[in-house]
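Data block below; observations after.
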Amino acid sequence: MEKASQITPQLIEKLVYDFYDQIRTDNLLGPVFNAEIDDWDEHLPKMVSFWNSVILKTRTYNGRPVPAHARLEGLTKGHFDRWLEMFEETANTIFTPESANEFVSRAHQIAMSLKNAIDVQHGVLPGAPEALSG
């Protein structure tokens, strides 16, 4: 498949579905996601909407990711690192490096923000030794 330089809603959907297909079978992330998500057919369109909102500025996503992630027990920096690694790999299989970088740079920003918010909700100062964001 030729890599796409243009980012379209259809390619964002492909990215999300391909990525979460891999997540579900990953040794580290699969158990976390599979324990939390009961209905993948409901969850994946939300993720498509999220990434359309982030990248294409569609404003179609209205979820609350911080509370959803903060309630997960046992999240570590390693979970975030693995998620980012897999996301980058998937983006790079679909898009040219320039287009993939739009997703990857935003994913890193979102991950840092999410980790900081989770730390604060758990009463941990971001950057402290026990912090996710450390």
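Just so you know, all these numbers are worked out from the coordinates, no wet-lab data involved. Predicted model only: the values in this text are computed from it and were never measured. Glycine gets a Cβ as well: all are built from the backbone with ideal geometry, and neighbour counts include every protein chain shown.
For the chain, compute the number of Lys pairs whose alpha carbons are separated by less than 15 Å, excluding pairs fewer than 8 positions apart on the same chain.
Lysine pairs meeting the criterion: 4.
Please name which of V54, A35, Y17 has its Cα lying farthest along the dipole of region 9-121 towards the positive end, using unit charges on Cβ (Lys, Arg +1; Asp, Glu -1) and the Cα centre as origin.
Result: V54, furthest along the dipole toward the positive end.
Scan around T60 for amide H atoms under 5 Å from its own, H built in the peptide plane at 1.01 Å from N, and keep only partners 5 or more places away or cross-chain.
Those lying under 5 Å, H to H, from T60 are S53.
Rounding to the nearest 10 and keeping the result within 0 to 90°, find how far the Cα-based axis of helix 97-121 lies from the longest principal axis of the chain.
So the inclination is approximately 20 degrees.
Considering only K115, K57, K14, give the residue with the highest GNM mean-square fluctuation for the chain, with springs between Cα atoms whenever their separation is below 10 Å.
Among K115, K57, K14, the largest mean-square fluctuation in the Gaussian network model of the chain belongs to K57.
Find, among the GluC sites (Glu not before Pro) in region 86-133, those assigned to loop by DSSP (not H, G, I, E, B) with at most 13 other beta-carbon atoms within 10 angstrom.
The qualifying sites are E130.
Under a 5 Å amide H to amide H cut-off, with H placed in plane at 1.01 Å, what residues pair with F95 once short-range neighbours are removed?
Close amide H contacts, sequence-distant or interchain: A4.
Relative to the Cα centre, what is the charge dipole magnitude of region 9-121, using +1 at the beta carbon of each Lys and Arg, -1 at the beta carbon of each Asp and Glu, and rounding to the nearest 20 debye?
Here region 9-121 has a charge dipole of around 460 debye.
Taking the Cα atoms of the chain, what is the range of coordinates along each of the three principal axes, in descending order and whole Å?
For the chain, the Cα extents along the three principal axes come out at 45, 30, 30 Å.
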